[in-house]
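Here's the structure we're looking at; comments come further down.
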Amino acid sequence: MLKLKYLFENFDLAKKCMEFYECDMDSVDEMLQYFRISSNAIYPFRLKTDGRICFLRLSPAEEKKLDDVKSEICLIEWLIDKGFPAMRPVPMKDGKLFGQINTEWGTYNVSCFEKVSGNSLEDTKGTFQIVKGYGKTLGELHALMKEYPYSEERRNHKMLLGEIEERMQKYGASEIVRKEFEDVCKELESLPLSTSDYGVIHYDFEPDNVFYDDKEESFSVINFDDAICCWYALDVVRALDALDEVIEDIAMEEAIASFLEGYRSATSFTEEQQQSMMLMRRFVHLQEYTTLLHVMSEDVENMPNWMTNLSQKLKCKLRRLEESMNA
């Protein structure tokens, strides 16, 4: 998530950036009401050429590096070339797939992607078959990642640990969190880094980033901007922990079994990987904790009610995360 100060809509900035694309400006105001902001600001628009819906994606340069945007798009293009159903980048009028713009509101990274078919899994009634397909899609992604030739060019878990440590120091994390960080670092050092266990992962393979088309019975995956070199088991953990957002009238134990059955139909998931899942969960919790510290690190003047409520929810989540580390 971006810092709270970046969670306000900026339609003037969006319209300025949409001019880089073949945008149907007549429908912009109608489409902009469907914007959303979390780890990026997302503004939908229609292409003037054929009416396709696309999503303009903006991120403050202060928060994200342009090289990371480039790296993500290179990964997506490679996946699409391999036949994986990833969201497709949309070129600007000059043919570029990403760029950076200096504006009166600051410097922003600019990219754009086509709308994928179907609905996100969080808006889909999850049957056993869908949950199994969800797992299989992640397994197919990991199977491809074991062949990815540019893994060493991406951020890795050591860089993420460095970011976590830096934020702990900067924002004054408690002794409980610092102790948990030390313990997790030690345990991670004992894990294998073989290509069967470790490679580029999505990192956010959760229901809002996976879409299901019920007519085609197909899946598509979006938002690879957090992709990182790490253990494949971490992606599995995050997906399993989010299954309650997908399933309906299905027992969790059975849903987990269906997901893992689908995953194993595409790639291996060993007993050792399964045993590392709790450690991966602790790793994720540390990252989430320090991200929340960063998100709330700057005061916002005249905070609207929705942001005040969000801030309270984030503070509650911080407490829950810290309590889980002290359990």
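The values are calculated or read from the model by the stated rules, or taken from the named source; none is laboratory data. For clarity, every value in this text was computed on a predicted model and none was experimentally measured. Heads up, the Cβs are rebuilt from the backbone with ideal geometry, glycines too, and the neighbour counts pull from every protein chain shown. Side chains are part of the model used for accessible areas, which takes the heavy atoms of the whole protein and leaves out ligands, DNA and RNA. Shrake-Rupley method; radii C 1.70, N 1.55, O 1.52, S 1.80 Å.
Based on the Kirkwood radius over alpha-carbon pairs, what value in µm²/s does the Stokes-Einstein equation return for the translational diffusion coefficient of region 171-322 at 25 °C and 0.890 mPa s? It diffuses with D of about 138 µm²/s by this estimate. Annotation: amide H of CYS112 within the under-5 Å range of ARG57, VAL90, sequence separation 5 or more or interchain, hydrogens built in the peptide plane.
Close amide H pairs (under 5 Å, H built 1.01 Å from N) link SER218 with ASP213, residues at least 5 positions away or on another chain. Close amide H pairs (under 5 Å, H built 1.01 Å from N) link ASP225 with no residue at least 5 positions away or on another chain. If the cut-off is a Cα-Cα distance under 19 Å, which aspartates and glutamates reach LYS70, setting aside same-chain residues fewer than 8 apart in sequence? In chain and number order, the partners are GLU62, ASP81, ASP94, GLU114, GLU152, GLU153, ASP204, ASP225, ASP226. Taking packing as the residue-averaged number of other Cβ atoms within 10 angstrom, the listed peptides 200-206, 310-316 run from highest to lowest as 200-206, 310-316. Residues in region 51-67 carry Karplus couplings, in order, of x, 4, 7, 10, 10, 6, 10, 10, 9, x, 4, 5, 9, 9, 7, 5, 4 Hz; the curve used is 6.51 cos²θ - 1.76 cosθ + 1.60 with θ = phi - 60°, and Gly or Pro positions show x.
Beyond 37 Å, the tail of the calculated P(r) for the chain holds 16 percent of the Cα pairs. Phi angles across region 34-49 convert, under the Karplus curve 6.51 cos²θ - 1.76 cosθ + 1.60 with θ = phi - 60°, into 3J(HN,Hα) values of 9, 5, 8, 9, 9, 7, 9, 8, 10, 10, x, 7, 9, 6, 5, 6 Hz, Gly and Pro given as x. Note on the chain: antiparallel DSSP beta bridges, both residues inside, total approximately 90 percent of the bridges counted.
The phi-based Karplus calculation (6.51 cos²θ - 1.76 cosθ + 1.60; θ = phi - 60°) puts the 3J(HN,Hα) values of region 144-155 at 5, 4, 5, 9, 5, x, 10, 4, 5, 7, 9, 4 Hz, whole numbers, x for Gly and Pro. Pairwise Cα distances in region 142-220 exceed 16 Å in 67 percent of cases. Taken per residue, the accessible surface of the chain reaches 50 Å², heavy atoms only and a 1.4 Å probe. For the chain, the carbon plus sulfur part of the accessible surface works out to 45%, probe radius 1.4 Å.
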